[in-house]
Structure formats: structure tokens, C-alpha cells
1. Quick check for me: using +1 on Lys/Arg Cβ and -1 on Asp/Glu Cβ, what's the dipole size of the stretch 358-459 about its Cα centre, in debye to the nearest 20?
2. In the neighborhood of Val352, defined by Cβ-to-Cβ distances under 11 Å, what is the net charge if each Lys or Arg adds +1 and each Asp or Glu adds -1?
3. With labels modelled as points extended 7 Å from the Cα through the Cβ direction, what inter-label distance (nm, one decimal) is found for Thr258 paired with Glu165?
4. From the residues Leu277, Ile223, Val178, which one has its Cα farthest along the dipole of the stretch 147-281 in the positive direction, the dipole being from +1 and -1 charges on Cβ of Lys/Arg and Asp/Glu about the Cα centre?
5. Can you give the charge dipole size of the chain about its Cα centre, rounded to the nearest 20 debye, using +1 on the beta carbon of Lys and Arg and -1 on the beta carbon of Asp and Glu?
6. What are the extents of the Cα atoms of the stretch 301-459 along their three principal axes, in Å, largest first?
7. Using all C-alpha to C-alpha distances in the stretch 155-267, build P(r) with 5 Å bins and read off the rounded percent in each one.
8. Of all DSSP beta bridges in the stretch 166-287, what percent run antiparallel (nearest 5)?
Amino acid sequence: MQTFDLVVLGAGSAGENLANNVARAGRSVALVERLRVGGECPFVACMPSKAQIRSHEVRHLVERAAELGATADGVDAGDPTAAFTASAARRDEIVAHRDDHGHAEEAESAGVTLVRGDGRITAPGVLDVGGRELGWTDLVIATGSAAMVPPIDGLTGVPHWTSDEAWSGSVLPVSAAVLGGGPVGCELAQTLARFSCRTTLVEATDALLPGEDPSIGAELARILSADGVDVRCGVEATAFEPAEEGARACLSDGGEVTAERVVVAVGRAPATEGIGLDILGIQAGKQGLEIDEHGRVRGQEHIWAAGDVTGIAPFTHTANYQARIIAANLLGGDARADYRAIPRAVYTDPNVFAVGLTPAQARDAGLDVVTAETDLAETARHTTEGAPGGRLLLVADRNRRVLVGTSAVGTHASEWLHEAVLAIRAEVAIEVLADVVHAFPTFAEAFEVAVRNLADQLR
């Protein structure tokens with residue numbers, strides 16, 4: 001049995017970065033992965049989705065060329081089916097055709113021992129990978145998450161994709177029924193619709209993006225509807241059956257939807273099954289492995305967890321943050337995670353960006369809440385850009401006079417709203433934020449207007 005200072009189970013964003021950093025510091029590290037080094041994000045999630053989203057953004061701009069004064073006459077953007085195939089080809093180039101060779105080479109050049117296969121804990125301090133035993137002093141569980149396919153009657157008997165499959169396909173369906181109005185479902189629905197796929201988006205709750213303030217979901221629903229998406233909130237699919245077009249979905253309100261393809265985007269579940277946690281007396285809940293602020297699994301001294309498997313803000317940037325925290329602690333530090341200001345972005349066009357608490361969450365936490373809103377149509381940049389509008393919502397704690405939450409729907413919001421991330425993380429006083437000068441004309445001026453509104457209310 002080969003023994004290592006650290007064994008990392010799972011080579012997604014968290015596992016890959018953590019293993020590389022600890023190995024570069026001179027520790028012996030084994031990284032175990034059954035599929036791809038790099039995980040979902042570079043190959044079937046973040047990167048391919050953003051590549052195709054960029055394609056439909058440009059296509060949409062081409063269609064608006066005359067409106068925006070780029071041409072005197074309208075421009076034909078070409079056949080949408082052929083365009084989708086072209087966008088898929090560009091996407092596949094960007095994601096290296098889902099080949100993890102580069103990621104694997106980087107890990108090995110950092111001094112990591114890469115072990116391919118399914119890893120399972122067989123005894124305290126021992127991980128088995130296809131009959132090869134790896135001993136460890138510390139173990140990091142970074143097994144990520146898996147797309148959930150709900151147990152809806154008949155779903156497995158009709159053509160359907162998970163989000164991973166949808167961001168890997170090269171053939172545009174004529175029609176699609178997207179299940180789930182969260183970030184991934186909204187991004188997929190807009191992408192398909194902008195390539196002229198007849199798209200229905202079904203969300204069981206009363207608003208899109210159910211984790212955000214309802215006004216944000218309502219604004220996004222308006223935008224998606226303008227793109228041709230049939231948005232249906234407050235209903236859910238209860239059964240599926242084969243149809244000439246592909247699939248027929250029966251809905252809880254008595255309606256039905258037919259589509260060539262069903263796209264399942266109802267969320268992901270932490271991947272904790274079959275890795276031998278019971279050997280260590282660890283029980284994972286539905287939300288994943290519970291960890292402390294240092295990244296240790298609760299009740300364990302040498303077992304750590306990072307990324308989606310923890311159920312905490314399941315984004316790539318959270319995984320990378322947790323990897324930094326754990327790496328620092330493994331190397332003798334005392335790093336502690338602070339999750340108050342983890343940004344949440346939805347890369348629709350325009351973007352949705354949020355950080356911190358919604359007004360309802362802040363009130364539930366016992367805060368005396370003050371809010372302010374700005375219509376992005378009031379900014380000069382909205383006029384020059386020909387942007388589709390949007391809104392910004394700020395949430396402050398009256399007693400501490402600091403920002404505790406921000407959410408927005410707006411063009412490039414994911415780029416210009418990180419000011420709010422810093423303000424929440426550093427607890428910058430509202431009065432200081434109100435004195436910040438923003439360049440003119442920018443969308444960031446909307447933040448300035450809303451903060452001054454908060455400051456006025458707090459006087």
C-alpha cells in the first residue's frame with residue numbers, strides 16, 4: 001500500500017485545485033478521479049454553457065443590427081439550426097472536446113499522483129481504487145454532485161436530456177420542455193429559444209429562481225417570454241407519455257406540453273453514495289456533508305470536504321474558495337470560511353446577479369430591514385446600449401447600517417456588481433458606499449443611486 005500525506009477523492013474544481021496547491025507545497029498527494037480531471041465545470045457545465053450563451057447573445061445582436069444603427073437594413077442571421085450546430089462546434093473547441101489531458105498533465109506536473117478509478121474507503125486511513133490501496137493521513141472528499149432526474153411517471157420512457165447532455169448536444173431539437181426554473185433551466189431555455197427551438201419552461205414554484213426575491217424571478221420571466229419562451233410557473237409535470245413529436249407532459253394544472261425533447265434541470269444532489277462513508281461513521285444528509293468553518297467534516301479530525309458535496313452554495317467559485325481554505329489548513333494555517341458574500345450568477349441575457357440575503361431572508365434572520373430599488377432604464381448607459389431594462393434591489397441592516405444583500409437583473413450585471421460582494425464581505429458602511437463615485441455612463445451608476453436611497457432612509 002502506497003501512503004500519502006493527502007488523498008483527494010474527486011478531481012473536480014475543488015479537488016483539482018486543492019491537490020495541486022498542497023502538492024506544490026511539498027506534500028505527497030494522490031488525486032482519485034473516475035471520469036475527468038477538472039470535473040463537470042470545464043467540460044459539460046460552466047464553460048460549454050457560457051460558450052453557447054455567447055453565441056446566442058451575438059446572434060440576438062445581429063437580429064437587432066438595424067434597431068441599434070449598426071446597419072441601415074435588417075441583417076439575416078441565417079438558418080437557426082445550422083447556427084446552433086456552429087455554436088456547438090465552437091463550444092466543443094473551447095472545452096477541448098471534453099478531453100481532460102491538459103488538466104491531468106497540470107496535476108502531475110504539480111507533483112500529484114493521479115489515480116484513475118472509483119475510490120471507496122475500506123478502513124480508517126485506507127482508500128481502495130480498483131484493488132489499489134492508498135493510505136492517507138488526511139482525506140478530502142470532493143466528489144461533487146450529480147444531476148437529479150425526478151421520479152415522474154413515464155419520464156424515462158421519453159426522449160430526455162440532463163443539463164450535462166443538453167450542453168453537449170450538437171443537434172437543435174424542434175421543441176423542448178425544460179423542467180426547472182432555476183439558473184440552469186433559465187439559461188438552457190433562453191439558449192434554445194434564441195436558436196428558434198419552441199421552448200416551454202416549467203417551474204413548480206410561483207416564480208423563476210425560487211431562491212431569489214420573487215421580483216427578480218418575475219423580471220427574468222418577462223425577459224424570457226420576450227425571447228419566445230413559454231414560461232409556466234406554479235405548475236409541475238405529473239406524468240409523461242410518448243407522442244408523435246417525442247413526448248407529452250401532463251401538468252398539474254390540467255394542461256399539457258408536447259416537445260421533441262424534455263430537458264431536466266431540477267437541480268443536483270451531492271454525490272456521497274458508494275464511497276464508504278459508513279466505514280468512518282459519517283452520515284451524509286440530503287444537503288450533503290456537514291463541514292465546519294475550517295472545512296473539516298463535523299466530528300472528524302482528518303476528514304475534509306469541499307465543493308458541491310458539502311451542499312454549501314454549489315458553485316465553482318465556492319468550490320475553489322473551500323479548496324483554498326482547506327489547503328491553507330492542511331499546510332498549518334488557521335483559515336476559516338465566511339459564506340456571507342458568495343455571489344450567485346445566472347448567465348441569461350441580461351444577467352441575474354445576487355449576493356447575500358433577500359429581504360425575506362434578512363427578516364427571517366431577525367434584521368430590521370431597509371430596501372432600495374433602481375430601474376436600470378433610468379441609467380444613461382441603458383439608453384446608449386439599447387439594453388432590455390432590468391432592476392436592482394439592495395437590502396440593508398438598519399441597526400448596523402451595512403449592506404446585507406443585493407440582487408439584480410441587468411446587462412452585464414455579473415461584471416459590475418462585485419462591488420456589492422466586497423461591501424457585504426467587508427461590512428462597508430452605507431455612508432461610505434454612498435460617497436463612491438462611478439464612471440459615467442455605466443450600469444454601475446445604478447448601484448450608486450440605490451445606495452444613496454438607502455442612506456436617505458437611514459438618516
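Computed from the coordinates by the stated procedures, all read-outs in this text should not be read as laboratory data. This is a predicted model, so every value here is computed, not measured. Please note: Cβ atoms are built from the backbone with ideal geometry, for glycine as well, and neighbour counts cover all protein chains shown.
1. For this selection, approximately 220 debye.
2. My count for the surroundings of Val352 gives -3.
3. For the pair Thr258/Glu165, the computed spacing is 2.2 nm.
4. Ile223
5. Its charge dipole is roughly 740 debye.
6. Result for the stretch 301-459: principal-axis Cα extents of 55, 35, 27 Å.
7. 2, 13, 26, 26, 21, 9, 3, 0
8. Once the DSSP bridges in the stretch 166-287 are tallied, antiparallel ones form about 45 percent.
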